[in-house]
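Enquirer: Take this structure first; my questions come after.
The values are calculated or read from the model by the stated rules, or taken from the named source; none is laboratory data. Keep in mind the model is a prediction, meaning the values are calculated, not measured. Quick reminder, even Gly has a Cβ in these numbers, built from the backbone with ideal geometry, and neighbours come from all protein chains shown. Just the protein is used for accessible areas: all its heavy atoms, side chains included, with ligands, DNA and RNA removed. Shrake-Rupley method; radii C 1.70, N 1.55, O 1.52, S 1.80 Å.
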Amino acid sequence: DVLARLVYGGRVSLFVGFFSTAVSMLIGVPVGLLAGYLRGKTEIIVMRITDIFMSFPAIVLILVAVAVVGPSLWSVSVIIGILGWTQFARIVYAKVLSVSQQEYVEAARAIGSGRATIILRYVLPNSVAPILIAATFGMASSILMESALSFLGMGVQPPTASWGNMIYEAQSIAILSM
């Protein structure tokens, strides 16, 4: 029945949201940390690559990538995750620029702490709040992107229930009944 498919489709959508957000965070957070803390040429190169990725419409890139790889639950999740890292990189980069100028980071540098220690013990823990907020928005946008792809036929394939597939099926039924 429709309720069972809706609940199962919610499970699929939540999987895509969690998995793609995790992939985006695994790529974007370290990139933003390195660009914000190391500065110089690393910052310029990394942030220009981020700008290039952000300049293309996400739905177009995802449609092309899914068309090349093939539509499935895993491919959609991975592709959305890989192409969603830029938001995390930008947010972490901005927060690291702010946190790295704080007195406790300067004190850690003064006592001789290494870069990795400063990044992992002082900068990253103080950058968690914006990362968590971005993750919640990233999950929502991933679910919407998966639903849009499934509606277009490039997402989760029809035997598996998905919210986008269900909307497509409901639309085609409404058109046929007219």
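Enquirer: Using only the alpha carbons of segment 1-66, what is the convex hull's orientation-averaged projected area in square nanometres?
Expert: 5.8 nm²
Enquirer: How large, in percent, is the carbon and sulfur part of the accessible surface of the chain at a probe radius of 1.4 Å?
Expert: Heavy-atom surface of the chain belonging to carbon and sulfur, 1.4 Å probe: 73 percent.
Enquirer: Helix 163-177 sits at what angle to the longest principal axis of the chain, using alpha carbons and giving 0 to 90 degrees rounded to 10?
Expert: Result, in degrees: 30.
Enquirer: Another question about this same structure. What is the packing order of peptides 134-147, 55-68, taking the mean over residues of other C-beta atoms within 10 Å and listing the highest first?
Expert: Ranking, from highest mean packing down: 134-147, 55-68.
Enquirer: OK, next. Given a 1.4 angstrom probe, what's the average accessible area per residue across segment 1-112, in square angstrom?
Expert: Normalised by residue count, the accessible surface of segment 1-112 is 54 Å².
Enquirer: Could you give log10 I(q)/I(0) at q = 0.10, 0.17, 0.18, 0.19 Å⁻¹ for the chain, computed by the Debye formula over C-alpha point scatterers of equal weight, without solvent?
Expert: Per q value, in the given order, log10 I(q)/I(0) is -0.48, -0.98, -1.05, -1.13.
Enquirer: Another one. Quick one, what does Rg over Rh come out to for segment 79-178 if you take C-alpha atoms and the Kirkwood Rh?
Expert: For segment 79-178, the value is 1.30.
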